[in-house]
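Take a look at the structure below.
The values are calculated or read from the model by the stated rules, or taken from the named source; none is laboratory data. Computed from a predicted structure; not experimentally measured. We place every Cβ from the backbone using ideal geometry, glycine too, and count neighbours over all the protein chains shown.
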Amino acid sequence: MLSYYLKLSWLSIKRTPILTSLMIVAIGLGIGVSMTVLTVNYMMDKDPIPEKSHQLYHVQLYTYGKGHSNSNTEDQFPVQLTYPDAMNIHHSNVPLRKTRSLSTGFSVIPESADSPPFIESARAIDHQFFDMFKVPFLFGATWDAEIDQSPREVVVINTELNDQLFNGENSVGRTLNLGTVSYTIVGVISSWQPAPKFYDLNNGNFNDSESIFIPFSLLPIHEIPSWGNNNGWKNENVNSYQDKLASEIMWNQYWVELPNEEIKFAYLQWIEGYISEQQKIGRFQHEKAGVSLKNVVQWMKTNQVVPSDNSILVGLSFMFLAVCMINTIGLLLAKFLQRAPEVGVRRALGASRSQIFIQHLVDVSLIGVLGGLLGLALGQLGLLGVKTLYTSYSQLVHMDLTLIVLAIAIALGASITAGMYPAWLICRTNPSVYLKIQ
Amino acid sequence: MFEIKPILSALLRHKSSTLLIILQIAITFAVVVNGTSIIKQRMDLMSRDTGLVNDKLITLNINSFGKNSDQESNIRADLELLRSLPGVVDAAPMNQIPLSGSGDSSGVAVSQEAHDNQEVTGAGMYRGDSHMLNTLGVKLVAGRLFSEDEVTYTSERPDVKALIITQSLADNLFPNGDALGKLLYFGGGIQVPIVGIVEHMSGSWVSWSSFDNNVLMPMVQLQNFRRYLIRAEDKQAANHLLGEVEKLLIERNRERVVTGVRSMDELIERAYSDDSAMMTILWIVVILLVLITALGIVGIVSFNVNQRIKQIGTRRALGATKADILRYFVTENLLITSLGLFVGIMMTVGFNVFLADQFEMPEFNWALIPIGTLIMFVIGIVSVWLPAQRASKVSPAIATQSI
């Protein structure tokens with residue numbers, strides 16, 4: 001029966017090629033535009049580490065003095081920590097895993113004299129960073145836990161840098177010269193590019209991951225510079241790196257893994273104890289002094305990973321889709337009414353109302369599927385355009401199966417909805433009117 | 001003479017299809033007007049004057065890693081080299097470059113007391129040598145430039161003896177227009193006299209509220225990372241330098257890496273890349289939407305014409321001219337468009353109130369409503385023209401057929 005309906009639908013499409021292609025194009029454009037915008041939004045907002053996003057917490061401390069605040073966040077907490085705080089809270093053994101973190105970078109000086117030095121971004125972290133964020137290793141492993149207390153010059157690099165410097169061979173045990181200091185390679189990680197770059201949302205939400213990872217404990221020894229934000233509120237004489245380490249400047253980040261609510265509660269208590277201790281020596285003097293733990297999802301929200309431009313575009317694109325659908329209803333009315341005499345004959349020959357109704361819904365569905373397919377093709381084209389427009393999102397924008405199914409579902413659902421009214425109208429046709437004229 | 005009455009009664013017989021077109025025109029209008037309003041805002045943002053000699057400037061970063069390199073003599077030698085190059089007007093070491101998206105800012109106040117009470121204005125802090133103003137190409141409107149001996153080379157906290165600020169910052173802090181010679185307070189007891197005012201200079205972050213508030217200081221920071229700004233004679237010379245300058249600097253001293261060699265035009269393009277992307281997307285949405293609505297009107301009117309062929313024929317047989325028929329369909333369309341636009345204007349206002357509420361958008365450009373209305377009328381008439389013409393060609397003989 002369905003194949004008969006489909007055959008009739010195909011015939012009817014062939015009979016009104018211009019009207020039908022107008023409808024297919026309208027649905028296609030509507031789906032294409034809204035899917036492009038929706039894909040970008042969906043990919044930006046996607047949980048980058050779904051297995052652990054509710055166990056990984058970014059630590060914020062309200063270290064401002066009286067009268068100071070951060071006007072850029074809703075709760076006015078500073079986004080980063082001071083070095084003394086990062087060092088002190090690292091003593092807590094409550095979290096399952098923990099890491100200090102700093103965005104930095106080096107001049108890499110290749111062994112051979114013919115290749116010129118080049119700049120690479122790097123990150124100073126603790127040994128559990130890789131486990132916490134599920135970073136896969138290709139060769140070797142992270143450094144020993146003791147190095148986080150008694151620093152040594154060890155380094156983990158990514159596979160891209162390993163390809164460039166060592167032709168992709170196992171480089172564990174070999175030397176990497178960063179500026180004037182030589183580091184021993186202990187591990188090589190596979191390609192790792194979380195989008196958004198949730199573990200550091202203060203320095204470009206969709207920036208590339210770093211290619212070099214060194215122990216955070218080396219900071220005071222090699223005066224590792226900050227490549228990220230440095231925010232100060234206090235008038236301090238900061239003339240040297242050692243001054244900066246002791247200052248109230250906020251430039252470090254801190255992540256903890258708290259597997260359940262009990263541990264989270266225990267950790268909050270630990271931090272509050274730490275804060276009241278610090279208050280005795282004159283720090284944390286603001287009435288809002290306290291701690292805020294935000295998990296990955298909350299942290300993305302705080303940092304507005306999805307720009308407001310995208311929300312505006314989502315709104316506009318759905319209005320666009322609405323116009324396309326209204327347009328389709330209008331055209332369907334025209335198409336179906338044109339066929340009223342034929343329907344009259346079919347009704348007179350014994351076709352029931354529901355048969356006529358279903359026949360027209362099959363018509364509409366066929367148009368919807370064709371429009372949806374056109375929409376998917378246009379959506380791919382649109383995403384290609386988005387890639388050229390926003391170079392930083394390039395790795396982000398692709399349609400996965402969910403989105404493809406969603407696109408077809410929206411196209412089908414919207415066109416069936418659009419077809420309901422015209423189909424209902426036409427199945428109520430009184431056959432006698434047309435039979436008289438014929 | 002415009003046959004409004006018969007048109008209305010015809011429209012009332014096709015309530016649903018008339019209503020659909022009205023709705024479609026209304027939503028199209030709302031999207032088009034709000035879309036172009038956002039486009040206009042971004043265009044205004046991007047066309048702001050930078051106060052600099054944009055097309056003649058190039059910038060680069062130096063990352064030195066040599067151990068005991070004497071940084072001051074290194075910087076001096078670099079700049080001597082840069083200034084001696086053919087096609088170069090001037091060059092300066094700087095801690096940050098306008099429109100680059102990175103740099104230093106600080107809160108400044110008109111007195112120590114004001115600073116202690118947090119009554120501060122945010123401003124970008126530009127540090128460089130006495131060539132900095134000439135290299136940027138900013139225009140001094142009051143006071144004097146920095147002298148050679150005011151410039152300090154240091155890695156410590158700045159000991160600055162003189163400041164030049166932008167007119168915008170001067171107006172902000174000293175509304176009476178007497179900024180010149182006054183002291184600016186940075187907190188911690190640091191106070192520096194204002195010796196000059198420049199007309200205009202853009203800051204580093206295009207979306208920062210203090211974009212135009214900037215402070216220039218005669219001071220060169222000695223650190224491993226620094227930036228140079230070079231002013232060329234013209235665009236061609238600047239383009240030539242883009243390809244040459246890295247090699248020349250590395251040849252002079254190999255213990256460093258040169259990165260980020262870019263023209264100011266490229267920095268500006270990068271700074272506004274999200275805005276221009278938004279503009280492109282909005283243009284596409286607006287144009288496609290107008291196209292779909294126009295095609296929709298063509299489709300519906302064609303259908304109406306087909307359905308009414310007999311009536312048209314009858315009217316023609318009863319003496320209506322071709323122009324009468326054409327006028328009938330155009331008037332019908334104008335009527336529908338007007339109703340659609342009426343609903344559309346309501347929606348636009350509502351939509352805009354919502355957007356402004358949610359996203360802190362700058363004020364809506366009301367002039368777009370009459371412009372948009374006009375455009376929609378034109379589109380309506382253009383779309384109706386072809387099918388209406390076809391209707392006007394219906395032969396009066398049709399009326400006599402098949403009865």
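Residues that are within 30 Å of B:Phe377 (Cβ to Cβ) and either modelled with pLDDT under 95 or more than 14 Å from chain A (Cβ to nearest Cβ) (or both): find the helices (runs of 4 or more DSSP H) completely inside region B:236-323 holding 3 or more of those.
B:273-307, B:309-317
Go through (1) part of a loop (DSSP other than H, G, I, E, B); (2) out of contact with any helix residue (DSSP H, G or I) (no Cβ under 8 Å at 6 or more places or on another chain); (3) charged (D, E, K, R); (4) more than 14 Å from chain A (Cβ to nearest Cβ) and name the single condition B:Asp212 misses.
With respect to (1) part of a loop (DSSP other than H, G, I, E, B); (2) out of contact with any helix residue (DSSP H, G or I) (no Cβ under 8 Å at 6 or more places or on another chain); (3) charged (D, E, K, R); (4) more than 14 Å from chain A (Cβ to nearest Cβ), B:Asp212 is out only on (2).
State whether one or more residues within region A:345-362 are within 12 Å of chain B (Cβ to nearest Cβ), more than 27 Å from A:Pro50 (Cβ to Cβ), crowded, with 16+ Cβ neighbours inside 10 Å and under 43 Å from the mean Cα position of the chain (by Cα).
No: region A:345-362 contains no residue that is within 12 Å of chain B (Cβ to nearest Cβ), more than 27 Å from A:Pro50 (Cβ to Cβ), crowded, with 16+ Cβ neighbours inside 10 Å and under 43 Å from the mean Cα position of the chain (by Cα).
Only one of (1) among the aromatic types (Phe, Trp, Tyr); (2) closer than 27 Å to B:Phe146 by Cα; (3) within 12 Å of another protein chain (Cβ to nearest Cβ) is not met by B:Tyr228, so which one is it?
Looking at each condition in turn, B:Tyr228 falls short on (3).
Residues of region B:1-41 being of a type in the set (Gly, Ala, Ser) and free of Cβ contacts under 8 Å to residues at least 12 places away in the same chain, which ones?
Within region B:1-41, B:Ser9, B:Ser16 qualify.
A quick yes/no check of all residues on (1) buried (at least 18 other Cβ atoms within 10 Å of the Cβ); (2) under 24 Å from the mean Cα position of the chain (by Cα); (3) free of Cβ contacts under 8 Å to residues at least 12 places away in the same chain:
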| residue | (1), (2), (3) |
| --- | --- |
| A:Leu102 | yes, yes, no |
| A:Glu111 | no, no, no |
| A:Ile125 | yes, yes, no |
| A:Phe130 | yes, yes, no |
| A:Ala141 | no, no, no |
| A:Asp148 | yes, no, no |
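Within region A:382-404, count every residue that is more than 11 Å from chain B (Cβ to nearest Cβ) and surrounded by fewer than 19 Cβ atoms within 10 Å (Cβ to Cβ). Break it down stepwise before answering.
Just the residues of region A:382-404 that are more than 11 Å from chain B (Cβ to nearest Cβ), to begin with: A:383-384, A:394-404.
Retained after the next criterion (residues that are surrounded by fewer than 19 Cβ atoms within 10 Å (Cβ to Cβ)): A:384, A:394-395, A:398, A:400-404.
Going through region A:382-404 one residue at a time, the tally reaches 9.
Among the hydrophobic types (A, V, I, L, M, F, W, C) and closer than 19 Å to A:Glu236 by Cα, is that true of B:Val138?
no
So if I check each of A:Asn327, A:Asn310, which one is within 14 Å of chain B (Cβ to nearest Cβ), within 26 Å of the chain's Cα centre (by Cα) and either surrounded by fewer than 17 Cβ atoms within 10 Å (Cβ to Cβ) or not in a strand (DSSP E or B) (or both)?
Just one listed residue meets the conditions, A:Asn310.
Do you know which residues across region A:330-344 are at the interface with another protein chain (Cβ under 8 Å from one of its Cβ atoms) and either free of Cβ contacts under 8 Å to residues at least 60 places away in the same chain or not in a helix (DSSP H, G or I) (or both)?
A:Gly330
Might you check whether a residue that is buried (at least 17 other Cβ atoms within 10 Å of the Cβ), at pLDDT 95 or above and not in a helix (DSSP H, G or I) occurs anywhere in region A:258-268?
yes
Quick one: which of A:Gly419, A:Gly413 is buried (at least 16 other Cβ atoms within 10 Å of the Cβ) and in the same structural domain as A:Arg353 (by TED's automatic domain parsing)?
Details: A:Gly413 fails: buried (at least 16 other Cβ atoms within 10 Å of the Cβ).
Criteria check complete, one pass: A:Gly419.
For region B:1-55, which residues satisfy the criterion of being within 9 Å of chain A (Cβ to nearest Cβ) and not in a helix (DSSP H, G or I)?
B:His14
Can you name every residue in region A:211-245 that is among the polar types (S, T, N, Q) and out of contact with any Asp or Glu (no Cβ under 7 Å at 6 or more places or on another chain)?
Matches in region A:211-245: A:Ser226, A:Asn229, A:Asn230, A:Asn231, A:Asn235, A:Ser240, A:Gln242.
Would you call A:Leu361 at pLDDT 90 or above, part of a helix (DSSP H, G or I), of a type in the set (A, V, I, L, M) and on the phi < 0 side of the Ramachandran plot?
Considered against the rule, which asks whether it is at pLDDT 90 or above, part of a helix (DSSP H, G or I), of a type in the set (A, V, I, L, M) and on the phi < 0 side of the Ramachandran plot, A:Leu361 comes out as no.
Here is a yes/no grid of residues against (1) within 13 Å of chain B (Cβ to nearest Cβ); (2) without any contact (Cβ under 8 Å) to a residue 60 or more places away in the chain; (3) not charged (D, E, K, R):
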position	(1), (2), (3)
A:Ala195	no, no, yes
A:Asp200	no, no, no
A:Ser209	no, yes, yes
A:Asn231	yes, no, yes
